[in-house]
Amino acid sequence: FLAEALGYTPVYLRYNTGLHISANGERLNAMLAALVRDWPTPLTEVSVLAHSMGGLVARSACAQAGADSLWRPLLRHLVFLGTPHHGAPLERAGHVVDVLLGQSVYARPFARLARLRSAGITDLRFGHVQASDWEGRDRFHRSTDRRAPLPLPADVACHAVAGTLAAQRSPLAERLVGDGLVPLRSALGQHDAPERTLAFARRDQAVLHRLGHLDLLSDPRVARQLLAWLQPAGAVSG
């Protein structure tokens, strides 16, 4: 529906969550370069729509695209649906379980099972997008957030859709209630440290109430918002 309404040709990507997000970002960077190079006609525009961890992969690919990138100059829109820019509590809870289980000799076998979480999943603890965020560190070791701040690409229209199970916005809901997996503030790129906050313009943020994480993929309100954001300049939506 969106592709037809906007005149886009959709290309879908699946990635391996067993890899670090930065490794998937490297692969995506290479794939987009090959896509632009091998497309049967010259491309004039690329837009990326990413859900959940896919948004972190997309940010990583942007960061790894070099000055001679074939696709990066064509990137016009980068849309994030429920992306945990600053991590997700579910992975942090898993990390706490690791620590607690490791305290008891009887529970240590279960701790080894807990450590089967993939590299991509443990990257969600804080939202790692660059290799420097995790290299040289034990991903199961208790640690603080040591990410190097990575701002949004300045020359791209970046948009964030955040779902919340709450019925309305409130200071408490914004801190504690998200879409069931991703906190509202994380999905909007907000952080207590100003240097980590992602500067989404107010017009490029959409908060949808009574909406869960997976519902972001099919809710009509999301589709309407994407149509408004992705309309070509000067177009009038019906």
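The values are calculated or read from the model by the stated rules, or taken from the named source; none is laboratory data. Note that this is a predicted model, so its numbers are computed, not measured. Reconstructed Cβ throughout: ideal geometry from the backbone, glycine too, with neighbour counts over all protein chains shown. Areas reflect the complete protein model, heavy atoms only, side chains present, ligands, DNA and RNA absent. Shrake-Rupley method; radii C 1.70, N 1.55, O 1.52, S 1.80 Å.
At-a-glance table
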{"item": "Hits in the stretch 209-235 - residues which are under 25 Å from Gly7 (Cβ atoms), open to solvent by less than 40 Å² (accessible area, probe 1.4 Å) and more than 15 Å from the chain's Cα centre (by Cα)", "result": "Asp219, Val222, Ala223, Leu226, Leu227, Trp229, Leu230"}
{"item": "Qualifying residue in the stretch 65-79 (condition: at pLDDT below 95, touching a helix residue (DSSP H, G or I) at 6+ places or on another chain (Cβ under 7 Å), open to solvent by 20 Å² or more (accessible area, probe 1.4 Å) and not aromatic (Phe, Trp, Tyr))", "result": "no"}
{"item": "Criterion violated by Leu28 - all others in (1) open to solvent by less than 50 Å² (accessible area, probe 1.4 Å); (2) among the aliphatic types (A, V, I, L, M); (3) part of a helix (DSSP H, G or I); (4) closer than 19 Å to Ala160 by Cα satisfied", "result": "(4)"}
{"item": "Output for the stretch 198-208, where each listed residue is open to solvent by 50 Å² or more (accessible area, probe 1.4 Å) and either more than 16 Å from the chain's Cα centre (by Cα) or of a type in the set (D, E, K, R) (or both)", "result": "Arg202, Arg203"}
{"item": "Scan of the stretch 13-51 for residues that are of a type outside the set (A, V, I, L, M, F, W, C) and touching a Ser or Thr at 6+ places or on another chain (Cβ under 6 Å), ordered by number", "result": "Thr17, Gly18, Ser22, Gly25"}
{"item": "Near pairs, Cβ below 7 angstrom, 6+ apart or cross-chain, from the stretch 1-29 (over 15 Å from His77 (Cα atoms) and among the acidic types (Asp, Glu)) to any residue that is open to solvent by 60 Å² or more (accessible area, probe 1.4 Å) and not in a loop (DSSP other than H, G, I, E, B)", "result": "Glu26/Gln64"}
